[in-house]
Amino acid sequence: MPRSFSRFVCQQCGRVSASYMGKCPQCNAFNSMVEEIVADEAPSRSVASKAGVVTRSKPQKIGDITSSAEKRIQVPIGEFSRVLGGGIVPGSLVLIGGDPGIGKSTLMLQMTLEVSRGARTLYVTGEESEQQIKMRADRLLAAGTAFPDSLMIVNETSMPVIMNHIRDVQPQVIIIDSIQTVYDADFDSSAGSVTQVRECSSQLRELAKSQNISVFLIGHVTKEGVIAGPRVLEHIVDTVLYLEGDRYQSFRLLRSVKNRFGTTAEVGVFEMAGTGLREVTNPSEAFLAERLFNAPGSSIAVTVEGTRPLLVEVQGLTSAAQFGNARRTPNGVDYNRLLMLSAVITRRLGLKMIEQDIFVNVVGGIKIDEPAADLAIVMAIVSSYRDIPLQADTVFIGEIGLAGELRMPAQLSIRLKEAQKLGFRKAIIPQSNLAGENPPKGLEVIKVRSLYQAIEKAFESTGK
Ligand code: TYD
Ligand code: MG
């Protein structure tokens, strides 16, 4: 006779407590504790070992263990494949997180339409009907292409039934859209709760590992992890990818934040079009496409996402503060970083930012969290404040310290190469005592020690 008991689980970080708490002691979130009723089951492992059915693990020589690296399932979508670390690893569990409506289902369906030409695939949808998926697939599939025979779609949310389907279909790749909709009736809490998400994911993980099936879990999760957060799932899965971008703009970034089978911090760039997500193979060009030349308050930063350099336009605008309380409004840049940079401008350049509202915008819905963009951000602000455009063929690279000194970012040479490739002629970068880099041909590299010098160099040739 199974007993049940009640417990409280933080919806943000998964912390479990016997009693209700207004503030989670682990992640300090308020009102995040939700009551769950848990059926008290007998620990299955002890029963199994008593019956003598536990399969024993056996230590092996490392040289004898076959590596599965070569056997990846190839994905013909280059941007997606690269973020995964070069194709799908059999037996891997991948979480695709992102805001609702950002394009997760679209991306996964596009991927399955391609992959299922070589591997049997089961797409489990708990959110949309089979007909809705078919309608979307009609849009995504290139005209004149036939649907692959080995792609199966089912609308189902019950975990045991899904397991039955998996047994029948014998797929190599499974998509669960989304993990928040599936539930196992053995656990007495609602679909989408921390318990259900964790239990269902664990079952899928067992399945993936024991039968060498690759499982993709779609999760409506943001980085902050508000709904049954990624922190609950992140340690269960092998790979965590986030699809992000501004819903009202077309660019989407697929970012890997954890990957047991590849380099982390890899980024793929897509554009949402009428026929699904299109790969953007030259993102820097795309991000700079709508740039206004000779407009004050615009500068070019070179950031590196994973192994790939990205040129982005940073816009700054200053305007006299109205009520004596100057505001700082960043879009795509960290708020505290902007506060710090504004203070450095005031103190180290002597420009009175205290009387100015400052707006900063990174074009294309991109978020920059790299300090290497500091110099470009400050240049955009100062250019707007002085109402003098920066030279259109110059890029700015460098982290700014509190004393107004410039610091060298990592991977300088690939940044310079990308700038040169896109036709830029000048780069203002930090002076470093380390051995000098060989700048690419045709790119003039100007080395400066401080923000003050950088401003002098940037504006000297404008003659103002
Ligand atoms: P969807 O994949 O359903 O988002 P998620 O699964 O992350 O919730 O994407 C929904 C959005 O994508 C919707 O606003 C419409 C848009 N979209 C296109 O612009 N073009 C397309 O070809 C498709 C399929 C969707
Ligand atoms: Mg969806």
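The values are calculated or read from the model by the stated rules, or taken from the named source; none is laboratory data. The model shown is predicted, which means the values in this text are computed figures rather than measured ones. Here the Cβ is made from the backbone with ideal geometry for all residues, glycine too, and neighbour counts use every protein chain on show. To get the accessible areas, we keep the full protein, side chains included, count just its heavy atoms, and leave off ligands, DNA and RNA. Shrake-Rupley method; radii C 1.70, N 1.55, O 1.52, S 1.80 Å.
Data table
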{"item": "Qualifying residue in segment 354-361 (condition: under 26 Å from LYS421 (Cα atoms) and crowded, with 24+ Cβ neighbours inside 10 Å)", "result": "no"}
{"item": "Exclusive hit being over 25 Å from the mean Cα position of the chain (by Cα) and either open to solvent by 40 Å² or more (accessible area, probe 1.4 Å) or within 16 Å of ligand 2 (Cβ to nearest atom) (or both), set ASP99, ASP64", "result": "ASP64"}
{"item": "Unique match (being within 16 Å of ligand 1 (Cβ to nearest atom), of a type in the set (S, T, N, Q), surrounded by fewer than 21 Cβ atoms within 10 Å (Cβ to Cβ) and assigned by TED's automatic domain parsing to the domain that holds GLU130) among ASN164, ASN155", "result": "ASN155"}
{"item": "Qualifying positions in segment 104-118 - surrounded by 20 or more Cβ atoms within 10 Å (Cβ to Cβ) and outside any helix (DSSP H, G or I)", "result": "SER116"}
{"item": "Search result, residues across segment 121-145 that are part of a loop (DSSP other than H, G, I, E, B), within 14 Å of ligand 2 (Cβ to nearest atom) and small (Gly, Ala, Ser)", "result": "GLY126, SER129"}
{"item": "Test: PRO59 is within 16 Å of ligand 1 (Cβ to nearest atom), at pLDDT below 90 and not assigned by TED's automatic domain parsing to the domain that holds ARG308", "result": "no"}
{"item": "Unique match (being at pLDDT 85 or above, open to solvent by 80 Å² or more (accessible area, probe 1.4 Å) and more than 16 Å from ligand 1 (Cβ to nearest atom)) among LYS71, LYS23", "result": "LYS23"}
{"item": "Residue within segment 121-133 that is touching a residue at least 40 places away in the same chain (Cβ under 8 Å), more than 13 Å from ligand 1 (Cβ to nearest atom) and over 16 Å from GLY219 (Cα atoms) present", "result": "yes"}
{"item": "Criterion (under 23 Å from PHE80 (Cβ atoms) and in contact with a strand residue (DSSP E or B) (Cβ under 6 Å, 6 or more places away or on another chain)) met by exactly one of VAL363, VAL314, VAL280", "result": "VAL280"}
{"item": "Failed item, numbered, when ARG205 is tested on (1) in a helix (DSSP H, G or I); (2) touching a strand residue (DSSP E or B) at 6+ places or on another chain (Cβ under 6 Å); (3) surrounded by 21 or more Cβ atoms within 10 Å (Cβ to Cβ)", "result": "(3)"}
{"item": "Tally of residues being closer than 14 Å to SER158 by Cα and open to solvent by 10 Å² or more (accessible area, probe 1.4 Å) across segment 189-202", "result": "5"}
{"item": "From GLY274, GLY324, residue being in the same structural domain as ALA392 (by TED's automatic domain parsing) and of a type in the set (Gly, Ala, Ser)", "result": "GLY324"}
{"item": "Number of positions in segment 189-222 that are more than 16 Å from ligand 1 (Cβ to nearest atom) and either out of contact with any helix residue (DSSP H, G or I) (no Cβ under 8 Å at 6 or more places or on another chain) or at pLDDT 85 or above (or both)", "result": "23"}
{"item": "Residue list for segment 242-279, filter: at positive phi and within 16 Å of ligand 1 (Cβ to nearest atom)", "result": "GLY245, GLY276"}
{"item": "Residue match in segment 156-164 (condition: touching a residue at least 40 places away in the same chain (Cβ under 8 Å) and over 19 Å from the mean Cα position of the chain (by Cα))", "result": "yes"}
{"item": "Test: residue in segment 181-188 that is surrounded by fewer than 23 Cβ atoms within 10 Å (Cβ to Cβ), modelled with pLDDT of 85 or more and within 16 Å of ligand 1 (Cβ to nearest atom)", "result": "yes"}
